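Visitor: Could you have a look at this structure, given as structure tokens, before my questions?
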Amino acid sequence: MEFSSALPTFVVTLREGVEATLVIGIVFAFLKNAGRTNLYPWVYGGIWVGLLGSVLIGLLLGGTLQHLATSQATYAPVIQEVLAGGFGIIAIILLSWMLIWMTQQAKSVKSEVQSTLQSALESESQGGWQVFTLILFAVLREGFETVLFISAQFSEGIASATIGAVAGLTGAVLIGLALFQFGIKINLRLFFQTMGIFLLLIVAGLVVSVLKDIDSGLAMLAQINPQYADICFSNSTSCILGAQVWDASGVLPDKEFPGILLKALFGYRQQIYLVQAFAYLAFLITVGTIYLRSLGFSLFTRSAIPSE
């Protein structure tokens, strides 16, 4: 079951890793064609510093949550749940934005990177630093989004998240080597579209998890300090999520196969409350519509919108 639990992190890391790998591959190819292979060390430096920075950010966020989980402080459990929810909200915003932005900007990424490199090569003194900064930003941006997602999934277990992240990063490297080292043809458009659909569903599931974290944190706060009892307005087993509209824990639990697989890929939960159900559908309808339109599809005509 560890593999099923690791699937969301694997998909996120694979997609984000391939985005960074494409930038790196474009940079290597441009420098080679320009006869500036002497700048390769700056590329490698940007990669390693970006990876190190991402790991350090992950350790900081994960360490903070781990410290709160073992702390005996009165409000530590409340802060842990709310903080995990906060990480999740940021991850939802960033992943959704990058999902749509990357789709819209995919055609211009290569030209933009090459334009930046061209100006860098014209500067003998600052060229290396500009190449380093370009690579660092590409790796760190994707790494930051990934570690935020992992931190938001803290309750799912660090082991499964680590397995998923390592597998996803390995897959991204292999795709990069296949494209730029061995010249293997890969339909990147289809890859990103497929990964995009999975990512959309995974982030929708994250919306449900974030609401549960925030609800749990507020419920704990109300129990610890009676003066905050009015925070919980729901008479059900939730605090702010309203009535329970779904309970399949006895039929299809989300911690056992196949429920855990549905949870990993489609955001399935064995128990859903009213606010969670509304937020899940609202996210899929709004962000999903924007994403599909960015791909050139109309939900009403079911046909591709001609591109200008």
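The values are calculated or read from the model by the stated rules, or taken from the named source; none is laboratory data. Not measured: the values here are computed from a predicted model. Heads up, the Cβs are rebuilt from the backbone with ideal geometry, glycines too, and the neighbour counts pull from every protein chain shown. Areas reflect the complete protein model, heavy atoms only, side chains present, ligands, DNA and RNA absent. Shrake-Rupley method; radii C 1.70, N 1.55, O 1.52, S 1.80 Å.
Visitor: Out of (1) farther than 30 Å from GLY296 by Cβ; (2) at pLDDT below 80; (3) part of a helix (DSSP H, G or I), what's the single condition that is false for SER123?
Guide: Failed condition: (3).
Visitor: Does any residue in segment 284-297 that is open to solvent by less than 30 Å² (accessible area, probe 1.4 Å) come within less than 7 Å, Cβ to Cβ, of a residue that is among the small types (Gly, Ala, Ser) six or more places away or on a different chain, and which pairs are these?
Guide: VAL287/SER96; TYR291/GLY196; GLY296/ALA304; GLY296/SER307
Visitor: Among the residues of segment 239-259, how many are part of a loop (DSSP other than H, G, I, E, B), closer than 17 Å to TYR280 by Cα and in contact (Cβ under 8 Å) with a residue 24 or more places away in the chain?
Guide: Within segment 239-259, residues that are part of a loop (DSSP other than H, G, I, E, B), closer than 17 Å to TYR280 by Cα and in contact (Cβ under 8 Å) with a residue 24 or more places away in the chain number 4.
Visitor: Here is a follow-up. Residue by residue through segment 67-110, note down the ones that are among the hydroxyl-bearing types (Ser, Thr, Tyr), assigned to a helix (DSSP H, G or I) and either modelled with pLDDT of 80 or more or touching a helix residue (DSSP H, G or I) at 6+ places or on another chain (Cβ under 7 Å) (or both).
Guide: Hits for segment 67-110 are THR70, SER96, THR103.
Visitor: In segment 128-148, which residue that is more than 24 Å from LEU188 (Cβ to Cβ) and either modelled with pLDDT of 90 or more or among the hydroxyl-bearing types (Ser, Thr, Tyr) (or both) is nearest to the chain's Cα centre (by Cα)?
Guide: THR133
Visitor: Okay, next question. Looking only at residues in segment 149-199 that are assigned to a loop (DSSP other than H, G, I, E, B) and not aromatic (Phe, Trp, Tyr), which one is nearest to the chain's Cα centre (by Cα)? Step through it out loud before you land on a result.
Guide: Initial filter on segment 149-199 (assigned to a loop (DSSP other than H, G, I, E, B)): 153, 157, 181-187.
With the extra rule that they be not aromatic (Phe, Trp, Tyr), the set shrinks to 153, 157, 181, 183-187.
Details: GLN153: 11, GLY157: 16, GLN181: 27, GLY183: 28, ILE184: 27, LYS185: 26, ILE186: 23, ASN187: 22 Å.
Selected residue: GLN153.
Visitor: Moving on to the next point. Check whether at least one residue in segment 90-112 is open to solvent by 30 Å² or more (accessible area, probe 1.4 Å), under 20 Å from ASP215 (Cα atoms) and not aromatic (Phe, Trp, Tyr), and report yes or no.
Guide: So far as segment 90-112 goes, yes, one or more of its residues are open to solvent by 30 Å² or more (accessible area, probe 1.4 Å), under 20 Å from ASP215 (Cα atoms) and not aromatic (Phe, Trp, Tyr).
Visitor: May I ask you to verify whether TYR44 is within 14 Å of ILE135 (Cα to Cα), among the hydroxyl-bearing types (Ser, Thr, Tyr) and free of Cβ contacts under 8 Å to residues at least 12 places away in the same chain?
Guide: Yes: the conditions hold for TYR44.
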